[in-house]
1. For Rg and Dmax of the Cα atoms in Å, which listed value, (1) 14.2, 43; (2) 16.9, 54; (3) 25.6, 96, comes from the coordinates shown?
2. Could you tell me which of rounded, prolate or oblate describes region 1-46, using a ≥ b ≥ c as the square roots of the eigenvalues of the alpha-carbon gyration tensor, with rounded for a/c under 1.5 and, failing that, prolate when a/b is larger than b/c and oblate otherwise?
3. Between 99, 127, 79, which gets the highest mean-square fluctuation from a Gaussian network model of the chain, Cα cutoff 10 Å?
4. Just 44, 70, 120 to compare: in a GNM of the chain, with alpha carbon springs under 10 Å, which one fluctuates most?
5. Calculate the FRET efficiency for residue 45 and residue 132 from the Cβ-Cβ distance with a Förster distance of 35 Å, rounded to the nearest 0.05.
6. Largest first, please: the extent of the C-alpha atoms of region 1-79 along each principal axis, to the nearest Å.
7. Using every Cα-Cα pair within region 35-107, state what percent have a distance larger than 16 Å.
8. Please identify, among 51, 43, 98, the residue showing maximal mean-square fluctuation in a Gaussian network model of the chain using a 10 angstrom Cα cutoff.
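Bear in mind these aren't lab numbers, they're just calculated from the coordinates by the rules spelled out. Computed from a predicted structure; not experimentally measured. Cβ coordinates were reconstructed from backbone atoms using ideal geometry, including for glycine residues, and neighbour counts include every protein chain displayed.
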């Protein structure tokens, strides 16, 4: 059976690509390494937008221009850019249970749900949503 896609929350993607693996749990590091090796690691398209917004507001800094960082980060072994499909867009507007209105978090949850994947996050609201059984999550 194929390994489910591991969907990285934006901050997990940034930490992983910037070599800040000490910020990740041992379990999430191992899962990311396995997903990378099997080509089942994903970043949702909205994360590219989030990176641009964070960088433009000075909340994160890169040693290179933001677009160069994104392009390089998207070439990581086993990593795929996960598009916003019609199914995911509709799911975003119809998520079960209660999840706050942040569109990026809703897209992350919807993408993991539609693809049958596991969302790797440190966001306590997404972890709680997962603990309620609405999406598979892994504590970053």
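1. (1)
2. On the way: a/c = 2.20, a/b = 1.27, b/c = 1.73.
Here region 1-46 falls in the oblate category.
3. 99
4. 70
5. Numbers: r = 25 Å, r/R0 = 0.73.
The pair residue 45/residue 132 has a calculated efficiency of 0.85.
6. Principal extents (largest minus smallest coordinate, Cα): 42, 23, 17 Å.
7. Details: 1541 of 2628 pairs.
Result: 59 percent of Cα pairs exceed 16 Å.
8. Comparing 51, 43, 98 in the GNM, the peak value goes to 98.
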